[in-house]
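The values are calculated or read from the model by the stated rules, or taken from the named source; none is laboratory data. Here the structure is a predicted model, which means the values were calculated and not measured. When we count neighbours, we look across all protein chains shown, and the Cβ atoms used for this are built from the backbone with ideal geometry, even at glycine. Each accessible area value is taken on the protein alone, full model and side chains, heavy atoms only, with ligands, DNA and RNA left out. Shrake-Rupley method; radii C 1.70, N 1.55, O 1.52, S 1.80 Å.
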Amino acid sequence: MASVKPWSLVLVVFCIMSLSYFVNGAGSNEGLGASFIFGDSLVDAGNNNYLQTLSRANIPPNGIDFKASGGQPTGRYTNGRTIGDIVGEELGVPSYAVPYLAPNSTGKAILYGVNYASGGGGIMNATGRIFVNRLGLDIQIDYFNNTRKQFDKLLGPSKAKDYISKRSIFSITIGANDFLNNYLLPVLSAGARISESPDAFIDDMINHLRNQLTRLYQLDARKFVIGNVGPIGCIPYQKTINQLNESECVDLANKLAMQYNRRLKELLSELNGKLKGAIFVHANVYDLVMELITNYTKYGINMDKHLGFTTASKACCGNGGQFAGIIPCGPTSSLCKDREKHVFWDPYHPSEAANVIIARQLLNGSTKYISPVNLKQLRNL
């Protein structure tokens, strides 16, 4: 009989302990169990890499500051981490939520969470069709339904339900594309704008979102954080194509966002009263990002060294016009040297430095930006 090496016994014990950690509801209450991320390119971690789509970010210099990949592009639409990545880290999730369409989104990897977000995706199914393929929120929730069944197999039905309802957070960052790449899109939506008023379009968005959030609740989601739509009229792309100056924003886009945001807040209040045991946290991204854009010199990731942002209008990576705001970031784009001093990475998306500022407010901030609780408080409920 072959002798048993001491290190092999240690390995066996470690494996048993690891399995026990997950099967018993992931051990202690320290840290979050899983982070389930839904949304658009603001939080896409690579799902669009696996689609035949015109919206992709798996080309350099995207990801140049993403340490986990050694600076290689991953499909994130920024130079480093997304808000979803940063929030997950700070809440104690040991690894980033794996993109649902990635080959490694199976087995124990999903116990830390899954990312379903897709560049170009929206609340409405027609949103983003200019990109050919994208995952709208309805499809993203269909995919979570598949994940939910996998959890039952991994943990058993009872422990899976507890893990998802008590130890997991569901974040939804969506809605901007419903305006930028649907209602406001000149080529595809001129007819829709004539036949459907802004009020009617936003009614449709809210009704769809109500059904979508209720579906997640029926799949045992209980802890939600929903971001409202940011000041989309202030992104470099909008400033460039409308030939605005540095301090101006596109009024119509921002008014539509604010109109939707008022309705979203009412919806979340309605669902908090209606869906027993659930908490819907409202992330006031609009005011948070507008504050950052308006007073950018007061913010930065190295403020102890007085290194605030130097621009909130020009894209770090892009081409075209005064604000490098027309052509998306790619290998032939002009690239700034001081990436941590730009609020915007490309014509549409925040830099990692801006994402850090936003994430910190969502994690630890007051009810001005995140209510009724912040994300660290939500984790501990």
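Among LYS67, LYS265, LYS161, determine the one that fluctuates most according to a GNM of the chain built with springs between C-alpha atoms less than 10 Å apart.
Residue with maximal mean-square fluctuation among LYS67, LYS265, LYS161: LYS67.
What percent do you get for the relative contact order of the chain when only Cα pairs under 8 Å and 6+ apart count?
On the way: 774 pairs, mean separation 59.6, N = 381.
With pairs under 8 Å counted, the relative contact order is 16 percent.
Any chance you could give the angle, 0 to 90 degrees and rounded to 10, that helix 285-294 forms with the longest Cα principal axis of the chain?
The angle comes out near 50 degrees.
Within region 29-285, how many Lys pairs that are eight or more residues apart, or on different chains, come under 14 Å at the alpha-carbon?
9
Would you look at the GNM of the chain, springs on alpha carbons closer than 10 Å, and say which of ASP338, ASP40, ASP204 moves the most?
ASP338
For a label point 7 angstrom out from the Cα of LYS368 toward its Cβ, which stretches of region 259-301 have the backbone nitrogen within less than 18 Å?
282-301
Just grab the label-to-label distance for GLU89 and ARG360, each label 7 Å out from Cα along the Cβ direction, in nm (one decimal).
Those two pseudo-labels are separated by 1.3 nm.
So for the pair GLN52, LEU381, with labels modelled 7 Å out along Cα→Cβ, what separation do we get in nm?
Distance between label points: 4.3 nm.
Which value in deg cm²/dmol, rounded to the nearest 500, describes the helix-derived mean residue ellipticity at 222 nm for the chain, given -39,500 (n - 2.57) per DSSP H run of n ≥ 4 and division by the residue count? Don't skip to the end; give the middle numbers.
Numbers: 11 runs with 145 residues, N = 381.
Roughly -12000 deg cm²/dmol at 222 nm, from the helical runs in the chain.
Evaluate the charge dipole of the chain about its Cα centre and quote only its size in Debye, nearest 20, assuming +1 on the Cβ of each Lys and Arg and -1 on the Cβ of each Asp and Glu. Display every interim value, and only then the final one.
Values: 37 positive and 29 negative charges, 197 e Å.
The calculated dipole for the chain is roughly 940 debye.
Take ARG210 and LYS161, extend 7 Å from each Cα along the Cα→Cβ direction, and tell me the distance between the two endpoints in nm.
Placing both labels 7 Å beyond Cα along the Cβ direction yields 2.7 nm.
Roughly what % antiparallel, to the nearest 5, for the DSSP beta bridges in region 226-381?
Values: 7 of 10 bridges.
DSSP beta bridges in region 226-381 are roughly 70 percent antiparallel.
Using a Förster radius of 41 Å, what is the FRET efficiency between LYS274 and ASN295 based on their Cβ-Cβ separation? Nearest 0.05, please. Can you show the working numbers first?
Details: r = 38 Å, r/R0 = 0.92.
Calculated value: 0.65.
What is the percent carbon and sulfur in the accessible area of the chain, measuring with a 1.4 Å probe over the protein chains and ignoring ligands? Let's see the in-between values first.
Numbers: 9340 of 16930 Å².
After summing per-atom areas, the C and S share lands at 55 percent.
Evaluate E = 1/(1 + (r/R0)^6) for ASN245 and LEU335, where r is the Cβ-Cβ distance and R0 equals 35 Å; express this FRET efficiency to the nearest 0.05. If you can, show how the numbers build up before the last one.
Values: r = 24 Å, r/R0 = 0.68.
Calculated value: 0.90.
With every protein chain kept in place and ligands, DNA and RNA left out, what is the accessible area per residue of the chain? Probe 1.4 Å, answer in Å². Don't skip to the answer; put the middle values down first.
Details: 16930 Å² over 381 residues.
About 44 Å² of surface per residue is accessible.
Picking from GLN218, GLN150, GLN361, which is most flexible by a Gaussian network model of the chain using Cα springs under 10 Å?
Looking only at GLN218, GLN150, GLN361, the largest GNM fluctuation is found for GLN218.
Within the chain, what percent of beta bridges assigned by DSSP are antiparallel, to the nearest 5?
Numbers: 7 of 26 bridges.
Bridges in the chain are about 25 percent antiparallel.
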